[in-house]
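Peer 1: Structure in structure tokens, see below.
The values are calculated or read from the model by the stated rules, or taken from the named source; none is laboratory data. Being a predicted model, the structure only gives us computed values, none of them experimental. Please note: Cβ atoms are built from the backbone with ideal geometry, for glycine as well, and neighbour counts cover all protein chains shown. The area values use the complete protein model at the heavy-atom level, side chains included, leaving out ligands, DNA and RNA. Shrake-Rupley method; radii C 1.70, N 1.55, O 1.52, S 1.80 Å.
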Protein chains: 2
Amino acid sequence: MDKPFLDKLRKIDPYVPGEQPQAADIIKLNANENPYPPAPCVQEILRRFDAAQLALYPDANGKALKSTLAGRFGVKPAQVFLGNGSDDVLALAFQAFFCSDRPVLYPDITYSFYPVWCNLFRIPYETVPLDGDFRVRVRGYDQPNGGVILPNPNAPTGRGVTLDFLEDLLQHNQDCVVIIDEAYVDFGAQSAVPLLGKYENLLVVQTMSKSRSLAGMRIGYALGSEVLISTLEAVKNSYNSYTMDVLALAAGQASVEDERYFQETCRRVAETRDRSAAALRGLGFTVLPSLTNFLFVTHPKKEAPVIFEYLRQKNIYIRYFRLPRIENYLRITIGTDEQMDRLLDALQAFL
Amino acid sequence: MDKPFLDKLRKIDPYVPGEQPQAADIIKLNANENPYPPAPCVQEILRRFDAAQLALYPDANGKALKSTLAGRFGVKPAQVFLGNGSDDVLALAFQAFFCSDRPVLYPDITYSFYPVWCNLFRIPYETVPLDGDFRVRVRGYDQPNGGVILPNPNAPTGRGVTLDFLEDLLQHNQDCVVIIDEAYVDFGAQSAVPLLGKYENLLVVQTMSKSRSLAGMRIGYALGSEVLISTLEAVKNSYNSYTMDVLALAAGQASVEDERYFQETCRRVAETRDRSAAALRGLGFTVLPSLTNFLFVTHPKKEAPVIFEYLRQKNIYIRYFRLPRIENYLRITIGTDEQMDRLLDALQAFL
């Protein structure tokens, strides 16, 4: 049958999001979610919210949340951008800032969405290989480019770079926009935020999905110079003016206002991580130094997919990427101490 | 100062969303919001929701809500697409379906976001003038094109077309994707949904912002053939897999499950609309026949901007568009009976 309308459809490889296991009794260490609930005031927001308010459009500009975030980070509200999760922020930033014929640069092992966005928006890109220990090589970015995006800490390796490294990167990349994707920064890495005053071409992207336990609420944000943020706003407002619903705006603000709970939660996850890393090393795993809420591990005697399948049979879900250079590695999200003990017990039994 | 990174930024006219008046005592008839609260079960959803669930990612595929919508409209779940408000659905549909060198066609007076998306995604377009009474001329679309998008009813005119008209349009446009934007359809117009079985190139877009009083929650959806929906999913999943937060998914489902409240709310708004239209005609206004939750009016003796300003002084906010052909028209959202009486009293005093 002849269907000419099919010729007008966008041809694109369907990117399929990971299936979330739904069973009740599973230990879910596969999506880098936080094992602790969001700040208690988020529950209060929901309990007391007057649903009649949902009939009205949200504040398209999210003034209240921007102002709260600006206060926390010591920047102006005009230096804050909000999005429907940091994926939304990054997708808009790729469209807003990577408008050159030169390739955008990022590591060969990194967040799998970067090439997807480059393909969707037809942005040329090149990957820069990590070194043999999965460290970012700063000199690899000393080449003409259309922009740089670097996660710090990197995923799925978990390794972070220092503020000196970031400054070196920025010093050598002043003619393009440099995006530092800090999805996992709150678990112990150094943020690029202190460099915002010095580098107008720096955009720092963060999320409330991990450290603030709000993955289900979809809240991301970016901090940058006013020229970058206003460009991002222009693109966003040409796409969808109302990306943030009223409950996301309210929940995000409640979370940021409880700094103590936030610090305490991050500290607990980091402690469990360090204890789990030591225990895994005790079982013979090689564990990359992690500044995130996950561990990237390999075992010299057991193949990663075999370990992965074994744990799945035990209702413990972790993450395996069938990708070059990391085909024998596993990513394990940090859960509660009890969850990690059950994982360690299962691994000990297996080995 | 030389700043080469500025050359790599996207140059785009900043689209600025309308400022929402914040004063407490205003009558807000400027944003086509519903004056009634959402279905009572939405309040219950919020009250009982366990905030700990927010730590987990939502179902990227929104299976439960898709299945509920599929049931209501008599289609398969694979024929339903979900988005962060219908603006998100439309923005993705423009990227997914309007991939031709030929111009996309839509009315000269219509939703102001269509040219914004065309500019953002670099899609060629042409407008087809409405007739002298602001009716859509179906024969204007009988020309080679890269796609058609038509709101039914149209905004800001409020006029609708019949199912026969839509079938005529589809008969003559089978080689492109035809999008019918039904943001206001529930207040009395004929939906194109019954044509879905016959036209694989038809996409129907609806929203929960108006008839379901959920503007603050950002829920839009599209219904279409499986080939259109899967293309839309591929683009969406290449942009942001998690556009819908867990509360939006839950609130939307609760709303669709209460058909009785929905029908009753739409009926009340339509009754108030028809009564208000008659009263405005009694005051000398020309009122276009409306199948929406707003009226598009003009007065032969008073200039629209003057009426607009007068009402604003009285804390009554309506909408004025400073655009060709409609520079003497005003758009008035239907509020409660009491709100409309206060509007009518103010207009009577003015005239």
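Peer 1: Which members of the stretch A:17-55 meet the condition of being without any contact (Cβ under 8 Å) to a residue 24 or more places away in the chain, surrounded by 14 or more Cβ atoms within 10 Å (Cβ to Cβ) and more than 23 Å from the chain's Cα centre (by Cα)?
Peer 2: A:Q43, A:A51, A:A52, A:A55
Peer 1: Of all residues in the stretch A:143-161, count the ones that are in contact with a helix residue (DSSP H, G or I) (Cβ under 9 Å, 6 or more places away or on another chain) and either β-branched (V, I, T) or open to solvent by 30 Å² or more (accessible area, probe 1.4 Å) (or both).
Peer 2: The qualifying residues number 4.
Peer 1: Being of a type in the set (D, E, K, R) and in contact with a Leu (Cβ under 7 Å, 6 or more places away or on another chain) is the filter; apply it to the stretch A:65-121 and report the residue that is most open to solvent (accessible area, probe 1.4 Å).
Peer 2: This residue is A:D108.
Peer 1: Then there's this: Scan the stretch B:25-41 residue by residue and report those that are within 19 Å of B:G158 (Cβ to Cβ) and facing chain A (nearest Cβ under 8 Å).
Peer 2: Within the stretch B:25-41, B:K28, B:A31, B:E33, B:N34, B:P35 qualify.
Every residue, every condition in (1) surrounded by fewer than 14 Cβ atoms within 10 Å (Cβ to Cβ); (2) without any contact (Cβ under 8 Å) to a residue 40 or more places away in the chain; (3) in the same structural domain as B:P129 (by TED's automatic domain parsing), yes or no:
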residue	(1), (2), (3)
B:T298	no, yes, no
B:Y310	no, no, no
B:Q313	yes, yes, no
B:Y317	no, no, no
B:Y320	no, yes, no
B:L323	yes, no, no
B:T336	no, no, no
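Peer 1: Please specify each residue of the stretch A:249-268 satisfying the condition of being open to solvent by 20 Å² or more (accessible area, probe 1.4 Å), in contact (Cβ under 8 Å) with a residue 60 or more places away in the chain and assigned to a helix (DSSP H, G or I).
Peer 2: Hits for the stretch A:249-268 are A:L249, A:A250, A:Q253, A:E257, A:E259, A:Y261, A:R268.
Peer 1: Just wondering, is there one or more residues in the stretch A:275-286 that are open to solvent by 50 Å² or more (accessible area, probe 1.4 Å), without any contact (Cβ under 8 Å) to a residue 24 or more places away in the chain and either part of a loop (DSSP other than H, G, I, E, B) or not assigned by TED's automatic domain parsing to the domain that holds A:N32 (or both)?
Peer 2: Within the stretch A:275-286, not a single residue is open to solvent by 50 Å² or more (accessible area, probe 1.4 Å), without any contact (Cβ under 8 Å) to a residue 24 or more places away in the chain and either part of a loop (DSSP other than H, G, I, E, B) or not assigned by TED's automatic domain parsing to the domain that holds A:N32 (or both).
Peer 1: Output the residues belonging to the stretch B:214-231 that are more than 9 Å from every other protein chain (Cβ to nearest Cβ) and closer than 27 Å to B:F187 by Cα.
Peer 2: Listed by number, the residues that qualify are B:G220, B:Y221, B:A222, B:L223, B:G224, B:S225, B:I229.
Peer 1: Pick from the stretch A:114-165 the residues that are of a type in the set (K, R) and over 26 Å from A:F187 (Cα atoms): which of them is nearest to the chain's Cα centre (by Cα)?
Peer 2: Result: A:R122.
Peer 1: Oh, and also: Considering only the stretch A:190-213, I want to know if a residue exists there that is assigned to a helix (DSSP H, G or I), within 14 Å of another protein chain (Cβ to nearest Cβ) and open to solvent by less than 20 Å² (accessible area, probe 1.4 Å).
Peer 2: Scanning the stretch A:190-213, I find no residue that is assigned to a helix (DSSP H, G or I), within 14 Å of another protein chain (Cβ to nearest Cβ) and open to solvent by less than 20 Å² (accessible area, probe 1.4 Å), so the answer is no.
Peer 1: Say whether the condition of being without any contact (Cβ under 8 Å) to a residue 24 or more places away in the chain and in the same structural domain as B:I332 (by TED's automatic domain parsing) is met by at least one residue in the stretch B:56-64.
Peer 2: Within the stretch B:56-64, none of the residues are without any contact (Cβ under 8 Å) to a residue 24 or more places away in the chain and in the same structural domain as B:I332 (by TED's automatic domain parsing).
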